[in-house]
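Below is one structure; the comments refer to it alone.
The values are calculated or read from the model by the stated rules, or taken from the named source; none is laboratory data. Predicted model only: the values in this text are computed from it and were never measured. Here Cβ is always computed from backbone atoms with ideal geometry, including for glycine, and neighbour counts include all displayed protein chains.
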C-alpha cells in the first residue's frame with residue numbers, strides 16, 4: 001500500500017510540475033531586466049519595466065481590446081445557442097432531423113480548425129458577393145466564426161447537466177398552474193446556471209485563445225491578441241511578451257477562482273433549499 005501511495009504522489013507531482021513549471025518560469029523571467037529572456041540579469045533584476053513598456057504598446061493594447069470584445073460576444077452568443085440546442089436535444093425526444101442537429105452541433109468538436117476557418121472564409125466571401133454583407137472581414141466575422149465552434153462545447157455541457165436533471169420539480173410547478181415560460185426562468189434556468197456559467201467561461205477562453213480560425217476571417221485592422229503574440233514570437237520572444245502572458249495567466253486564474261466560489265455558493269444554496277423543501281413535506 002505504501003508503494004502505491006508513493007507512486008501516486010510521485011506521478012501527481014511530476015504531472016503538476018510538467019504543467020506549471022513552464023508557466024512559473026515564464027512569470028519569473030517577466031521580471032528579468034535583460035533583453036535576453038533566457039539569461040537572468042542578477043545585477044539589475046527584478047524589474048517592472050517590461051510591464052510599463054507593455055502598457056505603452058498601442059498595438060498590444062488595441063489587439064487585447066479586440067480579443068476581449070470578440071470573446072465576450074462569442075461567449076454570450078454561444079451560451080444562448082448552445083443552451084437552446086442542448087434543451088432541444090434532451091427534452092424534445094425523437095423528432096425528424098434530431099440526428100442531423102446532433103451531428104451538426106458536435107461536428108466542430110472534431111473538425112480541424114484549418115478546414116473550419118477556410119470554409120467560413122469562403123462563406124463570408126460568397127455572402128459579400130451576393131448580398132454585400134458582411135462588408136469585409138473584421139470583428140463581426142471573427143465573432144461569427146468563433147460562435148460556430150464554441151457553441152458545440154456549450155451544447156455538450158448543457159446536455160450533460162440536463163441528463164441528470166430532476167424533472168419532478170418542473171412537473172410539480174406545472175401541476176400548480178405555472179406556465180412553461182415561468183417554469184423555465186424560475187426553476188430550470190437557476191438549476192442549470194452553473195453549467196451555463198461554465199459554458200460561458202469555456203467559450204470565452206476558446207475564443208480568446210484561437211489563432212488559426214481568426215487568421216482566416218480577420219481583417220487588416222482586427223488582429224486579435226493571440227495573432228499579435230504569434231507574429232512577435234516568430235521573430236523571437238521579447239520580455240514584454242512574458243509580461244503580457246503573466247497578466248493573462250493572472251486574469252484567467254482570478255476568473256477560475258471567482259467562478260469556483262460562485263458555483264460552490266450556488267450548490268450550497270441549492271442543497272439548503274432542498275433540505276428545507278424536504279423538511280416541509282408532510
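Each row is one residue, and each column tells you yes or no for (1) within 20 Å of residue 242 (Cα to Cα); (2) in contact with a strand residue (DSSP E or B) (Cβ under 6 Å, 6 or more places away or on another chain); (3) at pLDDT 90 or above; (4) outside any loop (DSSP other than H, G, I, E, B).
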site: 44; (1), (2), (3), (4): yes, no, no, no
site: 53; (1), (2), (3), (4): yes, no, no, yes
site: 61; (1), (2), (3), (4): yes, no, no, yes
site: 67; (1), (2), (3), (4): yes, no, yes, yes
site: 70; (1), (2), (3), (4): no, no, yes, yes
site: 79; (1), (2), (3), (4): no, no, yes, yes
site: 82; (1), (2), (3), (4): no, no, yes, yes
site: 93; (1), (2), (3), (4): no, no, no, no
Requested in this report: Could you list all residues from the stretch 182-226 that are part of a loop (DSSP other than H, G, I, E, B) and under 30 Å from residue 272 (Cα atoms)?
Outcome: 192
Query raised in the report: Quick one: is residue 74 within 27 Å of residue 227 (Cα to Cα), part of a helix (DSSP H, G or I) and modelled with pLDDT under 90?
Result: no
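Of everything in the stretch 129-164 that's surrounded by fewer than 16 Cβ atoms within 10 Å (Cβ to Cβ) and more than 19 Å from residue 105 (Cα to Cα), which residue is modelled with the lowest pLDDT? Steps first, please.
As a first pass, look at the stretch 129-164 and keep what is surrounded by fewer than 16 Cβ atoms within 10 Å (Cβ to Cβ): 129-133, 135-136, 160, 163-164.
Then keep just the ones that are more than 19 Å from residue 105 (Cα to Cα); that gives 129-133, 135-136, 164.
Numbers: 129: 91, 130: 91, 131: 90, 132: 88, 133: 88, 135: 84, 136: 84, 164: 75.
This residue is 164.
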Query raised in the report: Residues in the stretch 53-61: is at least one surrounded by 15 or more Cβ atoms within 10 Å (Cβ to Cβ), touching a helix residue (DSSP H, G or I) at 6+ places or on another chain (Cβ under 7 Å) and closer than 22 Å to residue 148 by Cα?
Result: no
Report task. Those residues that are surrounded by 13 or more Cβ atoms within 10 Å (Cβ to Cβ), farther than 24 Å from residue 65 by Cα and either touching a residue at least 60 places away in the same chain (Cβ under 8 Å) or touching a helix residue (DSSP H, G or I) at 6+ places or on another chain (Cβ under 7 Å) (or both), I need them from the stretch 108-128; list them, please. Result -> 108, 116, 118
Report summary line: residue 5: passes all of (1) surrounded by 12 or more Cβ atoms within 10 Å (Cβ to Cβ); (2) outside any loop (DSSP other than H, G, I, E, B); (3) modelled with pLDDT under 90 but (1)
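So that you can scan it fast, the table gives a plain yes or no per residue for (1) closer than 21 Å to residue 113 by Cβ; (2) crowded, with 16+ Cβ neighbours inside 10 Å; (3) modelled with pLDDT under 85; (4) touching a helix residue (DSSP H, G or I) at 6+ places or on another chain (Cβ under 9 Å):
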| site | (1), (2), (3), (4) |
| --- | --- |
| 208 | yes, yes, no, yes |
| 225 | yes, yes, no, yes |
| 240 | no, yes, yes, yes |
| 274 | no, no, yes, no |
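Provide a single number: the residues in the stretch 185-205 that are over 11 Å from the mean Cα position of the chain (by Cα) and surrounded by 16 or more Cβ atoms within 10 Å (Cβ to Cβ).
7
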